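Contents: one structure, followed by commentary.
Just so it is clear, none of the values below were taken in a lab; they were calculated from the coordinates. Keep in mind that what you see is a predicted model, and the values were worked out from it rather than measured. Using ideal geometry, Cβ is built from the backbone for each residue, glycine included, and neighbour counts are taken over all protein chains shown.
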Amino acid sequence: MRHLARLADYCSITNMHTKNLAIVWAPNLLRSKQIESACFSGTAAFMEVRIQSVVVEFILNHVDVLFSSKLSSVIRDGAGTCP
């Protein structure tokens, strides 16, 4: 994810903003067997892929916070969990 976020830094050259990167990479990063199955087609499949791309775009825009060592240590130590 950090690599994709770094690619977005060069959007003035490549035209690959976080939104464009998310559209391209979301189906691979958040692969869904439901979308690939026969029951999802047309509009339903499009909406699912759109949701995936929004999630990936959010991750790319917040990669420094989500993948920071400080957050990792908080999660690992169990801080913020309910008793």
Legend entry - Mean Cβ neighbour count within 10 Å, used as a protection proxy, ranking 48-56, 25-33 highest first: 48-56, 25-33
Legend entry - In sequence order, calculated HN-Hα J values of region 2-11 (Karplus, 6.51, -1.76, 1.60; Hz; x Gly/Pro): 5, 4, 5, 5, 5, 4, 5, 5, 9, 4
Legend entry - Whole-Hz ³J(HN,Hα) from phi, Karplus 6.51 cos²θ - 1.76 cosθ + 1.60, for region 12-28, glycine and proline x: 5, 9, 9, 6, 9, 6, 4, 5, 5, 4, 5, 4, 6, 8, 4, x, 8
